[in-house]
1. Kindly indicate which of LYS51, LYS56 is within 12 Å of ligand 1 (Cβ to nearest atom) and touching a Lys or Arg at 6+ places or on another chain (Cβ under 8 Å).
2. So which pairs qualify, if the first residue must be in region 80-99 and farther than 12 Å from GLY215 by Cα and assigned by TED's automatic domain parsing to the domain that holds PRO43, the second must be within 11 Å of ligand 1 (Cβ to nearest atom) and not in a loop (DSSP other than H, G, I, E, B), the Cβ gap must be under 7 Å, and the two must be at least 6 apart or on different chains?
3. Only residues that are within 21 Å of PHE78 (Cα to Cα), part of a loop (DSSP other than H, G, I, E, B) and open to solvent by less than 10 Å² (accessible area, probe 1.4 Å): list them for region 260-287, please.
4. Being within 16 Å of ligand 2 (Cβ to nearest atom) and in contact with an Asp or Glu (Cβ under 8 Å, 6 or more places away or on another chain) is the filter here, so list the residues in region 298-316 that pass it.
5. For region 77-113, which positions are hydrophobic (A, V, I, L, M, F, W, C) and within 26 Å of LEU234 (Cβ to Cβ)?
6. All but one of (1) in the same structural domain as ARG113 (by TED's automatic domain parsing); (2) touching a helix residue (DSSP H, G or I) at 6+ places or on another chain (Cβ under 9 Å); (3) assigned to a loop (DSSP other than H, G, I, E, B) hold for HIS218, so report the exception by its number.
7. Confirm whether LEU136 is in contact with a Gly (Cβ under 9 Å, 6 or more places away or on another chain) and outside the structural domain of PHE21 (by TED's automatic domain parsing).
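The values are calculated or read from the model by the stated rules, or taken from the named source; none is laboratory data. Keep in mind that what you see is a predicted model, and the values were worked out from it rather than measured. Note that we place each Cβ from the backbone using ideal geometry, even for glycine, and neighbour counts take in every protein chain shown. Surface areas here come from the heavy atoms of the whole protein model, side chains and all, with no ligands, DNA or RNA. Shrake-Rupley method; radii C 1.70, N 1.55, O 1.52, S 1.80 Å.
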Amino acid sequence: MPEEKRYLVGRRDDGGEGLLFLGRYLALDGSLGAGVYLDVLKPHAILICGKRGYGKSYTMGVLIEELARLPFKVRKNFCAIVVDTMGTFTRMDKPSMECLKEWGLEPEAIPIRKFAPRSHIHSGDVMPLEIPTGSLSFYDYCELLGIEPLGEGGAELLNAMGESFEVEELAGAVEASSPIHGMLRMVASWGLFSGKASFDGLLEPGSINIIDLSGYGHEPEVKSCIVASLARALYDARVEARRREEGGREVPLVWLFIDEAHMFMDSGADLRAGRVLTNEWLRQGRQPGLSLVLATQRPSALGKDVLSQADLIVCHRLTLRDDVEALESARPAYVKEPVPDAISRLGKERGAAIVIDDATESYHVIKVRPRMSEHGGGEPPVYID
Ligand SMILES: Nc1ncnc2c1ncn2[C@@H]1O[C@H](COP(=O)(O)OP(=O)(O)OP(=O)(O)O)[C@@H](O)[C@H]1O
Ligand SMILES: [Mg+2]
């Protein structure tokens, strides 16, 4: 039987190992063509964008499934860490109920490890996420507490930090009458930060780790603090390991997935997490072997850096003019067609996307493959009895 034609993105050669099956070519008449595969042997910065409900989280889930399905000899080089702000990915340990026959796929549960802050754990299979206080900076604390670093509160906090970075001890070191005292007490009561904690548990070779932050729905500062300290610690761990590694792997290469990335990287909000992700991960992540996958409804909010640093853009249906224009203004020379024209070719099909790939300097219209594990991001049904 002749071998099926396939296209690779993210890599120029046609090598056989380390490929993630993303989907198939989508023709104008809706028919499906050759398979499209993404390279995993090189670090990548991937932006998935699109309007609400057109497949961003679903596509992110496909990439996570594919990483989990790599043979262990390849997978052991990596670990995936998924920042899950809506609890969308925590159901991947169940097989999908969708019919996958047309694609020749079988439902499959994905072995994931679930983490959540201790106060948000509601089932026995979730492990506690603890943030090492050693990975927090003075500025992280300021953002967390909502105080100005150069203001009165900042000075008070800085004085207290002469002794320790432990939340409880900091609370003890500031005046009991100070508003910061009350806030530090509240932060300590969450049990989220600890001097003894470390992120090492996440760095298990070949593991898929879902960090469920859905319990902090209304607290962007807390989520930013967690992601900033996590992203910085992972960056440091890989930079350090890269120096020592010779012929083997001490710390797995990290694939960090962030859904709803505008929550952390809104250029107008200037959050600490956004700074780490842009400066360390996007600009300098290639050498330490860090891959970043971001998904957002609002690519225009992420700022020019994200669009220009991404080496692969997966764009689902997009209609807001600001967002389409942001993509159009970042359009590489090899994309001959204006972005609005390319997007209009997608129609309203969920899961259809344009893939713009720097490595092969090409772009393709694809249909992302269906999920094999359960997707937790669908709309809830309305029950009418
Ligand atoms: N590749 C696909 N194949 C089949 N169905 C899909 C595909 N992609 C998305 N869908 C369908 O579209 C629905 C919405 O997708 P998804 O949850 O990824 O939206 P989203 O873009 O993340 O939206 P939001 O911005 O609201 O988070 C899914 O529940 C699924 O039913
Ligand atoms: Mg989503």
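1. Values: LYS56 fails: touching a Lys or Arg at 6+ places or on another chain (Cβ under 8 Å).
Exactly one of LYS51, LYS56 is within 12 Å of ligand 1 (Cβ to nearest atom) and touching a Lys or Arg at 6+ places or on another chain (Cβ under 8 Å), namely LYS51.
2. Here the result reads THR88/SER57; PHE89/GLY61; MET92/GLY61, each pair linking region 80-99 to a residue that is within 11 Å of ligand 1 (Cβ to nearest atom) and not in a loop (DSSP other than H, G, I, E, B).
3. Hit for region 260-287 is GLY285, nothing else.
4. Of all residues in region 298-316, those within 16 Å of ligand 2 (Cβ to nearest atom) come to 298-299, 301-302, 314-316.
Correct list: ARG298, PRO299, ALA301, LEU302.
5. Residues of region 77-113 hydrophobic (A, V, I, L, M, F, W, C): 78-83, 86, 89, 92, 97, 99-100, 103, 105, 109-110, 112.
Across region 77-113, the qualifying residues are PHE78, CYS79, ALA80, ILE81, VAL82, VAL83, MET86, PHE89, MET92, ILE110, ILE112.
6. The number of the failed condition is (2).
7. Details: in contact with a Gly (Cβ under 9 Å, 6 or more places away or on another chain): no; outside the structural domain of PHE21 (by TED's automatic domain parsing): yes.
So LEU136 does not fit the description; no.
Every residue, every condition in (1) touching a residue at least 12 places away in the same chain (Cβ under 8 Å); (2) away from ligand 2 (no atom under 16 Å from the Cβ); (3) closer than 26 Å to ARG52 by Cα, yes or no:
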| residue | (1), (2), (3) |
| --- | --- |
| PRO220 | yes, yes, yes |
| ILE226 | yes, yes, yes |
| SER229 | yes, yes, no |
| TYR235 | yes, yes, no |
| ARG238 | yes, yes, no |
| GLU250 | no, yes, no |
| PHE257 | yes, no, yes |
| ASP270 | no, yes, yes |
